[in-house]
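See structure below.
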């Protein structure tokens, strides 16, 4: 159970609520973010406690949050969140296409790719300057030099930049050069990092962990939001299962599942989600048909020479054709969905 | 490695091939189906053995089948298989929609549902007379009485009937009343049953097992085909993973994966694949966008009263709207895909 | 909720109970086995219904079976079941070791192996005459010829024979030659086969399906028991997960989980459970330490020449040493456990 | 392929090796830790490259590291690593028992528990001051106050302290008060944190990620070792699977798998690995029988009042009995194993 305090609630009022709960035999955990205080009651209190608390000064609302998340839910924010990323938006009526190479390798590579991405009509550019690689001996990214190349892409092509950070120092650098910081799948439960980006004023693209349940995914977003940053885009990128024909198992059912509970937008990454070039286009189309707010796509001037994940990158021609296709599906899918909504 | 004998190869010719292989130090396993004999060489023979065998009388072809399947592959049948089911086809240019209740419960229920399915334009009707239930105390289906109701649906509405059998006796009955026998997920590796339907002349809809890999799925089809029955429709129905927001995790990447290797058509069942009403429509659309040859959908006059899996059944209105939507997506998706094919 | 009728209950009494339940607005499913009738009430009846039913003639007991199994539970049979298999027992104080080759390949192979197994002190011999192979082109077993060789093992060495059947014809043959029929992992939810062996009077060793939950595993046993055959031995043989360093992931926690709920004995198969020779001994020891009632072990005169699963078979020397080790662990483990029982 | 440079190799020698590799058409990635430089060659070089490199000045060894790890392997360090943690060791002949509460809650709680742990004979105490909780509203640990309580345990009882850190600030604090820093499952692929602890001089207990493969687990250790810190203890704590009867599926096969490849010690945590009190003792015994170097056990003065994971904590009595049991199994298991080693 969560007690949401009014924005203007005083310290004394918060304290009184905590003491009342303790006196009734329950423990509390209090989270204060930039806008308000939320007091969580632990230990399975029953409905009766509501009568003791609801009329205390400073109390805005008492919510039975069975899942222990609230800020991510439609209960908390009834409309759909549209997140502003640089000069464009994710979560609105337009399909957000985020394209670019897995890793930033050279200025030539990103500029060439960005030209194709910009020409297609996409508004977002991706590319990793910090790469979380399974082996310490693999290419780890160009670091700040890579970020500078991304900044040049923004300047030249007007594309909005989304790029990953793996730690606080990385976040501080990404903020200087990019429009949105990505938290990768391996860091989805790096709670310290989540809290850190939660205290900043930059949109966060949060990738689902390899074995994260829906609740854990939403709770990771709740960690960020509980610190005050409400600008979150969720991203499905495949889960780990017994299945081996693709690198991961893309779980498209998470899209309606998230939309059923949460106001946050969700995009899908079929490139990491499948890991195989020939699967990217069909799964990208499926992602749009299932109702995702956007796509993350890997594009590379020469996939077979990529320093990272070349097997899954689209060629320029494949990308351009796919872009047109997904727009068509979006058009058909959205028109129709409007009518079916229950 | 597989030695494919010519159709007209004699017993003596088969025997000579076997003896030659044995003499070279390898074991053989010989499968004779209604059309030809295939000799499998076990024990990792190298390329040299080919020179010994390729000129023996009766040998049609020698294939390095690393995965130990061959009949399901494009290597064996280069075009795409279009399977005739009653008066209609699965695997051709038209999207195959197979709709109906999970279980046949009463004549009224199936006739009411069939009227809606037929009116939509769908050509196939589903409904279980034999139900594989996890508990022995759950409703097990109406048996032959249920099959008779399905036969009445065929007669009255011209719909082609697909229904499950769980054993040989069940198959014998299904053949009498229906157009296609379904082998359920739990029986995907019931090899005796696979061989049994492999010797019959009725199309088989083979559902992917709950934890079957791509290879195991194709090998189950190979079991049926190796007995002579080549009329197989594959069906993805969700796999078992750690994830709990849906009943199963629908693995749409299996569709391009199958199409990459095999000539067999593949349909998707988003009803069992998600187990939740509100997810069926978005995942059905995704299934079509990903390139599936058809859909299996559960429809029920009154989902909340269903004796089996009510939580996932569509209402008549939901079904009718969805049918229109998926046709639109099929249209867009097919036009475009034609151009992208690599 | 399950209504257990008295053994001597008449048809009329059963009928009256069913009608009463229906009149109160609930559906019934009635299972009649050789000893008694069990009426399952579907549709979430509340406690009140008990008062209507408990005094009806012929009613023995009413049980809230939330999991829909009852015969497998300690609620139904409070002691621990000790299953007689030929001349020996599984589930008693002695550790049951079931050893032998994966597949019966030749008389020489089984006799040689049986001599070692018998000498070790083990009482049970395993060996497949019908092999469920993923590929139709793999060695499928020697069939009845193999069963005859197993019968010779029994005669010569006094070992009790456990061997798999994959269908009804196979079961009929196994009964003629062996002491216990094994239902393999792939057939754990072959409900027709479960019912068939449920009507026979031979012990059944039921292997856990590759992705079966605890409840599904127990319900498969319940299927057999609901037909009257209560002589069941459960067997953990590894589950399918993302993990690839072993062929399967041996889930030893199922042992205390089963023992917590059920009176049935459970043995562990570390050979299939790991698929790798060097892991068999450590996992066998762990299986005994965790409290399993027995072990299934693959032993082969010459593992590298085995026609099936050679990579996991123990050599004679490895087997003999391991046998001594597990007895020591059993001794230590049992003495101590007696005191810790809660 | 990895080129291991001699400890005394000069910058120029490293540079020459890199240039030679590049000239031959391959890319390099160079890792320099406190003791030596390792140059990784990417792009599948063949054996021929060895002849070009092996005689260059400064080159110590060239290793075909197909898995891209080397420092963790027996190839690199042939004996078994025994890690000194405070005044005791992990990986030696003695079973290491690490016991204590999940979370440090109060001085009274830790002192009471430590008295029992010390009395049993165990040498290591665990207890979390920083807790990675799935929900931001759950108890997050006492922070530095908790660490001070742990330091008091060390002082009073001579127990060596192992406690988790979730970020660099946390690591800096843990170093001040404890003997070993734990990296939790959720941070197993937090590569920035791995590198950070890799540059320090404190033993690291590295928990396997919830869905980490054997290779990923060893590569996480390799990350730490590649920075110079070779004092690593691996810990299995259960993986995420479809199975729900336990909180996680304890994968004991990882123990022989690690021992087959690596010189690093590995301990098992059956408390997190099962999440259920009644399973802890049997799985702890199994862990010892399988050959683990130690156990992590949760003990709490009053499990039902624990602020974190109470359902799995042992009572004092349960712990004390279990401690004796596992020592007995260790004794039997080690004596015997010595003989069986292949």
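Of the residues that sit in the range D:43-63 and are closer than 21 Å to residue A:133 by Cα and surrounded by 13 or more Cβ atoms within 10 Å (Cβ to Cβ), which one is modelled with the highest pLDDT?
Going through the qualifying residues, I end up with D:63.
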Look at residue D:76 and say whether it is within 30 Å of residue D:303 (Cβ to Cβ), under 22 Å from the mean Cα position of the chain (by Cα) and within 14 Å of another protein chain (Cβ to nearest Cβ).
no
Identity of the residue in the range D:172-192, within 22 Å of residue D:294 (Cα to Cα) and out of contact with any strand residue (DSSP E or B) (no Cβ under 8 Å at 6 or more places or on another chain), that ends up surrounded by the most Cβ atoms within 10 Å (Cβ to Cβ)
D:187
Residue B:70 being buried (at least 16 other Cβ atoms within 10 Å of the Cβ), in contact with a strand residue (DSSP E or B) (Cβ under 6 Å, 6 or more places away or on another chain), within 14 Å of chain C (Cβ to nearest Cβ) and assigned to a loop (DSSP other than H, G, I, E, B):
yes
So which of D:264, D:307, D:250 ends up being more than 10 Å from chain C (Cβ to nearest Cβ) and under 19 Å from the mean Cα position of the chain (by Cα)?
D:264
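Each row is one residue, and each column tells you yes or no for (1) surrounded by fewer than 19 Cβ atoms within 10 Å (Cβ to Cβ); (2) closer than 30 Å to residue A:127 by Cα; (3) out of contact with any helix residue (DSSP H, G or I) (no Cβ under 6 Å at 6 or more places or on another chain).
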| position | (1), (2), (3) |
| --- | --- |
| A:2 | no, no, yes |
| A:41 | no, no, no |
| A:78 | yes, no, yes |
| A:85 | no, yes, yes |
| A:94 | yes, yes, yes |
All-but-one check, residue D:4 against (1) within 26 Å of the chain's Cα centre (by Cα); (2) modelled with pLDDT of 85 or more; (3) away from chain A (no Cβ under 14 Å), failing number (3)
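Here's the yes/no breakdown for (1) at pLDDT below 95; (2) in the same structural domain as residue B:214 (by TED's automatic domain parsing); (3) surrounded by fewer than 24 Cβ atoms within 10 Å (Cβ to Cβ):
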site: B:235; (1), (2), (3): no, yes, no
site: B:238; (1), (2), (3): no, yes, no
site: B:254; (1), (2), (3): no, yes, no
site: B:278; (1), (2), (3): no, yes, yes
site: B:281; (1), (2), (3): no, yes, no
site: B:291; (1), (2), (3): no, yes, yes
site: B:299; (1), (2), (3): no, yes, no
site: B:308; (1), (2), (3): yes, yes, yes
I'd like to verify a number: residues in the range C:312-335 that are facing chain D (nearest Cβ under 10 Å), modelled with pLDDT under 95, buried (at least 19 other Cβ atoms within 10 Å of the Cβ) and more than 17 Å from residue C:267 (Cα to Cα), how many?
1
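Evaluate the following for residue D:100: is it in contact (Cβ under 8 Å) with a residue 60 or more places away in the chain and out of contact with any strand residue (DSSP E or B) (no Cβ under 8 Å at 6 or more places or on another chain)? I'd like the intermediate steps shown before the answer.
On the way: in contact (Cβ under 8 Å) with a residue 60 or more places away in the chain: yes; out of contact with any strand residue (DSSP E or B) (no Cβ under 8 Å at 6 or more places or on another chain): no.
Considered against the rule, which asks whether it is in contact (Cβ under 8 Å) with a residue 60 or more places away in the chain and out of contact with any strand residue (DSSP E or B) (no Cβ under 8 Å at 6 or more places or on another chain), residue D:100 comes out as no.
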Single residue of B:123, B:148, B:195 found to be away from chain C (no Cβ under 14 Å) and surrounded by fewer than 21 Cβ atoms within 10 Å (Cβ to Cβ):
B:148
Please give the number of the condition residue B:295 fails out of (1) touching a strand residue (DSSP E or B) at 6+ places or on another chain (Cβ under 6 Å); (2) part of a helix (DSSP H, G or I).
(2)
One residue from C:156, C:133, C:169 being within 14 Å of chain B (Cβ to nearest Cβ), surrounded by fewer than 24 Cβ atoms within 10 Å (Cβ to Cβ) and at pLDDT 95 or above:
C:169
What single numbered condition from (1) away from chain C (no Cβ under 11 Å); (2) over 30 Å from residue C:304 (Cβ atoms); (3) surrounded by 13 or more Cβ atoms within 10 Å (Cβ to Cβ) fails to hold for residue B:17?
(2)
Among the residues of the range D:273-286, what is the count of those that are more than 7 Å from every other protein chain (Cβ to nearest Cβ) and assigned to a helix (DSSP H, G or I)?
4
Please go through (1) farther than 21 Å from residue D:251 by Cβ; (2) touching a helix residue (DSSP H, G or I) at 6+ places or on another chain (Cβ under 6 Å) for residue C:250 and return the number of the only condition it doesn't satisfy.
(1)
With the requirement that a residue be at pLDDT 95 or above and either assigned to a loop (DSSP other than H, G, I, E, B) or closer than 26 Å to residue B:87 by Cα (or both), what does the range B:201-217 give you?
B:202, B:203, B:204, B:205, B:206, B:207, B:208, B:209, B:210, B:211, B:212, B:213
Any idea which residue in the range D:204-216 is nearest to residue D:258 (Cα to Cα), counting only those that are crowded, with 24+ Cβ neighbours inside 10 Å and touching a strand residue (DSSP E or B) at 6+ places or on another chain (Cβ under 7 Å)?
D:208
In the range D:238-247, what residues are part of a loop (DSSP other than H, G, I, E, B) and either within 7 Å of another protein chain (Cβ to nearest Cβ) or in contact with a strand residue (DSSP E or B) (Cβ under 8 Å, 6 or more places away or on another chain) (or both)?
D:238, D:240, D:241, D:242, D:243, D:244, D:245, D:246
Is it true that residue A:88 is at pLDDT 85 or above and at negative phi?
yes
Could you list, in sequence order, the residues of the range A:96-115 that are surrounded by fewer than 21 Cβ atoms within 10 Å (Cβ to Cβ) and touching a helix residue (DSSP H, G or I) at 6+ places or on another chain (Cβ under 9 Å)?
A:106, A:107, A:111, A:112, A:115
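The values are calculated or read from the model by the stated rules, or taken from the named source; none is laboratory data. Quantities reported herein were computed from a predicted structural model and do not represent experimental measurements. Here Cβ is always computed from backbone atoms with ideal geometry, including for glycine, and neighbour counts include all displayed protein chains.
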